[in-house]
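Novice: First the structure, which I've put down as structure tokens, then a few questions once you've had a look.
Only the coordinates and a few stated rules stand behind these numbers; no lab work does. Predicted, not measured: the structure shown is a model, and the values here were computed from it. Using ideal geometry, Cβ is built from the backbone for each residue, glycine included, and neighbour counts are taken over all protein chains shown.
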Amino acid sequence: MKIKIRKFRESDAKRVCSIIKENNQRVASKFYSQKIIDYWNKELISEKLILKKINQRVRYVAEKNGKVVGYICFEKNVLKMLFVDPKHHGKGIGTILFKKAEEKIKKDCYKKIISKPNINAEKFHEHIGFKKKKMIYKNTGKIKVKKILMEKKLK
């Protein structure tokens, strides 16, 4: 399987939204209520919001056969989003995307990477070297969501 990592383009926003929403529906829904999933998908995920902080965040996509199948974005040393099309889970795409981000973060002289993933992403984060620091609760609009504060020290 040939995966190409490239910088995110504005034209990728629609596909990235689709990947995030599909992950929320298929994966996160096993850990969170439908009320939370609906809120995320209707209120927090849109092309407009994906593009909103385009100049503040570093973003990459993974392509397979010319189709976007994964997305990662980070700001300084904080991982903001990492999503892979559920049809391509378990194929190493998330790890490839993360390694690309990790290279850039190291190059920028940071000593650690911080992430606050949803609880459904804990195992993957551990797989790529993150350690759990503590459980946290994040208020997203009107809803309080259980997440995990995780950290990876860089060498």
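Novice: Dipole of segment 41-155, Cα-centred, from +1 at each Lys and Arg C-beta and -1 at each Asp and Glu C-beta, to the nearest 20 debye? Write down the numbers at each step before the final one.
Specialist: Details: 33 positive and 11 negative charges, 90 e Å.
Around 440 debye, computed over segment 41-155.
Novice: Sketch the reach of a paramagnetic label on Gln25 as a point 7 Å from Cα along Cα-to-Cβ, and name the residues of segment 89-103 whose backbone nitrogen lies under 20 Å away.
Specialist: Zone members listed by number: 89-90.
Novice: Now for a separate question. Just subtract the alpha-carbon distance of Ser18 and Lys52 from 0.36 nm times their residue separation and send over the number in nm, one decimal. Spell out each step's value before the answer.
Specialist: Numbers: separation 34, 0.36 × 34 = 12.24 nm, distance 1.67 nm.
Separation in residues times 0.36 nm, less the Cα-Cα distance, equals 10.6 nm.
Novice: Listed here are the pairs Lys53/Lys153; Lys21/Lys147; Lys30/Lys147; which of them are more than 21 Å apart at the Cα? Walk me through the numbers on the way to the answer.
Specialist: Values: Lys53/Lys153 26 Å; Lys21/Lys147 18 Å; Lys30/Lys147 14 Å.
Distance filter (> 21 Å) returns Lys53/Lys153.
Novice: Then there is this: Percent antiparallel among DSSP beta bridges with both residues in segment 3-153, to the nearest 5? Please list the in-between numbers first.
Specialist: Details: 32 of 34 bridges.
Counting DSSP beta bridges with both partners in segment 3-153, the antiparallel share is about 95 percent.
Novice: May I pose another question? Determine which residues of segment 1-45 fall in the zone a paramagnetic label at Lys100 would reach in this model, i.e. backbone nitrogen under 18 Å from the point 7 Å along Cα→Cβ.
Specialist: Residues 1-20 qualify, since their backbone N sits under 18 Å from the label point.
Novice: From the helices alone, meaning DSSP H stretches of at least four residues, give me the mean residue ellipticity at 222 nm for the chain, per-run term -39500 (n - 2.57), in deg cm²/dmol to the nearest 500.
Specialist: Working: 5 runs with 47 residues, N = 155.
Value at 222 nm, helices only, nearest 500: -8500 deg cm²/dmol.
Novice: Rounded to the nearest whole Å³, what is the per residue volume of the convex hull around the Cα atoms of segment 107-155? Kindly include the intermediate steps, with their values, before the conclusion.
Specialist: Working: hull volume 4.1 nm³, N = 49.
Cα-based convex hull of segment 107-155, divided per residue, equals 83 Å³.
Novice: Per-residue HN-Hα couplings for segment 58-73, Karplus 6.51 cos²θ - 1.76 cosθ + 1.60 at θ = phi - 60°, whole Hz, x for Gly and Pro?
Specialist: For segment 58-73, the Karplus curve yields 8, 9, 9, 10, 9, 10, 10, 6, x, 10, 5, 10, x, 8, 9, 9 Hz.
Novice: Further question on the same structure: My understanding is that a pair violates if its Cα-Cα distance is over 23 Å; which of Lys2/Lys116; Lys100/Lys155; Lys48/Lys112 do that in this structure?
Specialist: Details: Lys2/Lys116 30 Å; Lys100/Lys155 15 Å; Lys48/Lys112 30 Å.
In this structure, Lys2/Lys116; Lys48/Lys112 exceed 23 Å between Cα atoms.
Novice: Another question, if that's okay. Can you give the relative contact order of the chain as a percent, counting alpha carbon pairs under 8 Å and 6+ residues apart?
Specialist: Details: 236 pairs, mean separation 32.3, N = 155.
About 21 percent, as a whole number.
Novice: Where a ≥ b ≥ c are the square roots of the eigenvalues of the C-alpha gyration tensor, would you call segment 71-155 rounded, which needs a/c under 1.5, or, failing that, prolate if a/b is larger than b/c, or oblate?
Specialist: Because a/c hits 1.5 or more and a/b fails to exceed b/c, segment 71-155 counts as oblate.
Novice: Now for a separate question. Amide H to amide H under 5 Å from Phe8: which residues, 5+ apart in sequence or cross-chain, H placed 1.01 Å off N in plane?
Specialist: Arg59, Tyr60, Val61
Novice: Ok, one more. First select every other residue whose beta carbon is under 15 angstrom from the beta carbon of Lys87; then total the charges, Lys and Arg +1, Asp and Glu -1. Each step should come with its number before you reach the end.
Specialist: Working: positive: Arg15, Lys21, Arg26, Lys64, Lys67, Lys91; negative: Glu22, Glu63, Asp85.
The answer is +3.
Novice: Residues with amide H under 5 Å of Val145's amide H, sequence separation 5 or more or different chain, H placed in the peptide plane at 1.01 Å from N; which?
Specialist: Amide H neighbours of Val145: Lys138, Asn139, Thr140.
Novice: Quick one: what are the phi-derived ³J(HN,Hα) couplings along segment 41-49, Karplus 6.51/-1.76/1.60 with θ = phi - 60°, whole Hz, x for glycine and proline?
Specialist: Karplus-based 3J(HN,Hα) across segment 41-49 equals 5, 8, 9, 10, 10, 7, 4, 4, 6 Hz.
Novice: In addition: Karplus couplings for segment 116-124 from phi (6.51 cos²θ - 1.76 cosθ + 1.60, θ = phi - 60°), rounded to Hz, Gly and Pro as x?
Specialist: Once θ is set to phi - 60°, the couplings for segment 116-124 become 10, x, 5, 4, 5, 9, 4, 4, 4 Hz.
Novice: Report, to two decimal places, the Cα Rg of the chain normalised by 2.2 N^0.38 Å (N = number of residues).
Specialist: Numbers: Rg = 14.8 Å, N = 155, 2.2 N^0.38 = 15.0 Å.
Against the empirical 2.2 N^0.38 Å value, I get 0.99 for the chain.
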